[in-house]
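The values are calculated or read from the model by the stated rules, or taken from the named source; none is laboratory data. None of these values were measured; they are calculated from a predicted model. No Cβ is skipped: glycine too gets one built from the backbone with ideal geometry, and neighbour counts run over all protein chains shown. For accessibility, only protein heavy atoms count, side chains too; no ligands or nucleic acids. Shrake-Rupley method; radii C 1.70, N 1.55, O 1.52, S 1.80 Å.
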Amino acid sequence: MRYNAAMKFLYLYLAAINLAAFGLMATDKRRAQKHRWRIPEHTLFAAALLGGSIGAIAGMYLCRHKTRHWYFVLGMPLILACQLAAAWWLLR
């Protein structure tokens, strides 16, 4: 029973952090277009590192934001690959 509750919590957490990462990318894009205060890049990376890498990548490409910065184009998929490798290692 505890396993199911923990997995539900994990799924809810991952859904929330990925939505948040996507939202941060979309918000930063809007702010960039309006020449307003921007979300710091380390915040965007932190959201990805906390489990929101899929949302951050989706936000990058769907909003066409940060796709010219090599450290985002390479960094976000690298974070996702490390997260997938860690999940595989923990679950095997």
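With n ≥ 4 as the cut-off for DSSP H runs, can you work out [θ] at 222 nm for the chain, using -39500 (n - 2.57) per run divided by the number of residues, rounded to the nearest 500? Show your work: numbers first, answer last.
On the way: 4 runs with 71 residues, N = 92.
Per the formula, -26000 deg cm²/dmol.
To the nearest 20 debye, what charge dipole does the range 1-46 have about its Cα centre, counting +1 at the Cβ of each Lys and Arg and -1 at the Cβ of each Asp and Glu?
Numbers: 8 positive and 2 negative charges, 41 e Å.
Result for the range 1-46 is approximately 200 debye, rounded to the nearest 20.
Kindly report the accessible area of the chain per residue (heavy atoms of protein chains, probe 1.4 Å, no ligands, DNA or RNA), in Å². Spell out each step's value before the answer.
Working: 6770 Å² over 92 residues.
Result: 74 Å² per residue.
List the lysines whose Cα lies under 29 Å from the Cα of Lys66, skipping any in the same chain that are fewer than 8 positions away.
Lys29, Lys34
By what distance, in whole Å, do the Cα atoms of the range 38-92 stretch along each of the three principal axes, largest value first?
Sorted from largest, the Cα extents of the range 38-92 read 39, 17, 17 Å.
Using all Cα-Cα distances in the chain, what percent lands in each 5 angstrom bin from 0 up to the longest?
Bins of 5 Å from zero give 3, 14, 22, 24, 15, 10, 6, 4, 2, 0, 0 percent of pairs.
When the accessible area of the chain is split by element with a 1.4 Å probe, what percent falls to carbon and sulfur?
Here carbon and sulfur together make up 70 percent of the probe-accessible area.
What is the chain's relative contact order, in percent, from Cα pairs under 8 angstrom and six or more apart in sequence?
28 percent
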